[in-house]
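Some notes on the structure that comes next.
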Amino acid sequence: MIRVLDELVINRIAAGEVVDRPSSAVKELVENALDAGARRVRVKLEGGGLDLISVEDDGAGMVAEDLRKSWLRHATSKMVAFEDLANVGTYGFRGEALSSLASVAELRIDTRHVSEPEGRAIVVHGGNLVTDAPSGWPRGTRVEVRGLFAGIPVRRRFLGTAQAEAQRVLNSLVRQALARPDVEFRLSHGDRELLAVNAGDRRMRVRDLLGRVVEGMVPVEWSDGNLTVTGFVGGAGTDRGRADMAHFSVNRRPIQAGVLVRGVARGLGLNPGRHPVCVLEITLPLEEVDINVHPQKREVRFQAEGPLFHAVSEAVSGALDLRGELPLFSPSSPEDGKDQGAQPPRYAALPGFEPEPPHAQTDSVSPDAFPFPSAGELDDDRPPVAAFDPPTPASRDQGDLFASRNPTLVAFPGSQRAPEPSEPVRAFSQAGIQILQVEGYLLCPLQGGLLCIDQRAAHERVLFEQALRGLEREGAVPSQQLLFPRPIDLPVRERQTALAHLEDLRALSFDLEPFGGTTLLLRGVPASIPQDDAEGLLEDLLGAVAEEGPSRDTLHRAFAAGYARAAALRRTQELGAEERSALADDLFACREPWQTPGGAPTVTRISSVDLSRFFR
C-alpha cells in the first residue's frame, strides 16, 4: 500500500541530506552568518555538537516577521524565481538548513535587526513552533541547536566520539576561515578553545591556520578577463602524499574540485600520488558556476572546465616561474580539464612471468583485489640477498635489505622473531633474470614484454608493510631524545589533534608538550627516522588523524606511510644486481604490491604490442 508520509517524517528524511553530523550543521549556520554580513563568528560546542551547537554573529539580524518564517522549509531571502539560481552569490539559497535542524533537534534563534527596538526569540521543537517572545539579544543573531538527532538513535550510532565530531567541526571551520580572512572566527569545545583567528589579510590567515608551511609558499596573482586566480601555493619540496592541504574557494565559497587539484599539480609538475599545498581563490562570473549540484554545497560544476584547468596551471607555474623547467612532453594533457589518466597497467603474472591469456586480461585492477596487509603476512627480517634458508643472526643485524650498501637506510626496528615455516618464493633471484636499472627504474624481460618497477615506489611499499607489521607486533616505536628540543608551529587543526592525543603520539616516539601560545616543544622522535624528516612525518601523521578521525589503525597506518616515504630509496641511487632482484622479490611478496600507500603505481608492464607501436 502506498502512503503519503506526514510532514515531520518528510522533513527528517530531507534533513539527512543537508545535516548529517554536527560539522554540516555548523557549516550551514556559519554560512547564514556570513550571508548576513557578519565580521565576527563564534561557535560553541558541547558533547562534540550533539548536546549543543551555538553560532553567534554580529551580522544584520532579522526583523520579527522574517524570524517567524526563517525556520519554515524552503523559506529564503536569497532568491525568488528559478532563474535567480544562475546568479546566486550567497552561500545559502535553498532555505533548508534551519528547517532541517528544527526537525531533528531543538532550535532556538535569538536575533535583533538594527531597525527594531528590541530583539526577538523563537524556539522550535519537533517541527513545531513552541515559543515566540521578546529577547534581550543586543544585535546580530545567535542560533542554538540542542540534542541533535536525539530523537533518531540510529543516526547517532553512525557518528564518532565527541572529540572526533569536534575535530570535524574544526576542519570545516578552517576551510571557511581560509576563504574569508576578513572575518574573525572562534571555536570552543566545552572549556577548550580550538580556534581563534582575527580578521586580517590572507597571508596572516594562512600563517595562523597552516603554521610554518606558509614560509615555503609564494603569492599567486593571475587574471585573464573575467577569470582571476589569487592566493598562495607551496614551492618545490612542499608537496604531500595527502590532499588535505589543498584549499580552494570559488567566489569565496570553499569547495572540493578535482579539476583544480589537477590544475595545480600540473602547474607544479608533481609526480602521480603527490598533492600540492595551496590556498587559492578563483573568481569567475556567477553564471559559469553551478552551485546546486550537491546537497551540502561542497562541490560545484563549472561551465568550462578545460579553460579553468589551464588557467590554474598557468597561474601556478607563472607564480613559481616554472615554465622553463616543466617537461616538454607531459604524461597527460587533458583538453577539457578532466583527468584523462593512463589506464591502469596489466600486471605480469608472478612468479611464473607468464603473460595473461587474452580473455583474462583487463584494463583495470580493482583495489579490492589487493587488500591491505594484516599483521603477520610478511617477513621483514629477510636477508639482503636472495636465499631460501632462514637468515643467520649476522644477516639479521643488517636490517634493511639495502643496509649493507646504503647504511643511512635502516629497517623498521623491533624485536627479532623466528622465520616463518615457509619463506616466500624468491622468484626473480631463483630464475636468474637480469634486471637493468635505468634512471631509477628497474627493467626486466618477461615473456611478451617488459616489467618496469619504480625503485623508490617499490621500496616505499616494502617499508610500509614492514613498518605496519612491526607496529602491530610491538605496539610502540623506539625513541631518540633530541639534544636540543625543537619548538614547532603546527597548523591549527594538527595542533589541536596533537594536544588531544599526546599519549598516543608518545607511543610512536613523538615526545611533545605545550610550549605556550601556538607552539609545541618536540623533545623526542622515532629512532628510525632522520631528525630532519621527523617534523614532516609528524605533520603527515596528525593530518591523517585529523582528516579520518583518531584510531589506533589510523595512527599506525599514517606512521608507517610517513616512515616509508622518509626512508625509501632515492631514484638516483644505484643498486647492485642482487639488490635489484631482492627489491623485486620483496615487492611481490607484499600483500598489495601494485601501489604505494599514497596510491602511486609501483610497477607496470610494457607489452610487446606497446613496444611495436614505437616503431610504426
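Where a number appears in this text, it was derived from the coordinates with a stated rule and is not lab data. From a predicted model like this one, the values you see are computed outputs, not experimental measurements. Because the Cβ atoms are built from the backbone with ideal geometry, glycine has one as well, and the counts that use them run over all protein chains shown.
Tabulated data for the structure shown
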{"read-out": "Cα gyration tensor, the stretch 481-616 - rounded (a/c under 1.5), prolate or oblate", "value": "prolate"}
{"read-out": "Trypsin sites (Lys or Arg not before Pro) restricted to DSSP loop in the stretch 145-178 with at most 16 other C-beta within 10 Å", "value": "Arg157"}
{"read-out": "Hypothetical label at Ile152: residues of the stretch 25-55 whose amide nitrogen lies under 17 Å (7 Å Cα-Cβ projection)", "value": "25-29, 49-53"}
{"read-out": "Potential extension, Ala243-Lys69 segment - 0.36 nm per residue separation minus Cα distance", "value": "58.6 nm"}
{"read-out": "Low-density loop cleavage sites - GluC sites (Glu not before Pro) in the stretch 420-514, where at most 12 other Cβ are within 10 Å (DSSP)", "value": "Glu439"}
{"read-out": "Spatial separation of Cα centroids for the stretch 161-208 and the stretch 569-616, in angstrom", "value": "43"}
{"read-out": "Residue-span extension gain [Asp290 to Gln480] - 0.36 nm each, minus C-alpha spacing", "value": "63.1 nm"}
{"read-out": "FRET E, pair Leu443, Asp201, Förster distance 51 Å, beta-carbon r, rounded to 0.05", "value": "0.50"}
{"read-out": "Residues in the stretch 442-462 that a label on Asp532 would reach, taking backbone N under 18 Å of a point 7 Å out along Cα→Cβ", "value": "none"}
{"read-out": "Summed side-chain charge close to Asp132 - residues other than Asp132 whose Cβ falls under 10 Å, Lys, Arg +1, Asp, Glu -1", "value": "+2"}
{"read-out": "Sites Asp51 and Glu578 - FRET efficiency at Förster radius 51 Å, r taken between beta-carbons, to 0.05", "value": "0.25"}
{"read-out": "Full-extension gain in nm, Glu193 to Ser612, via 0.36 nm per residue minus C-alpha separation", "value": "144.5 nm"}
{"read-out": "Rounded FRET efficiency, nearest 0.05, which uses the C-beta distance separating Glu215 from Arg591 and R0 of 35 Å", "value": "0.35"}
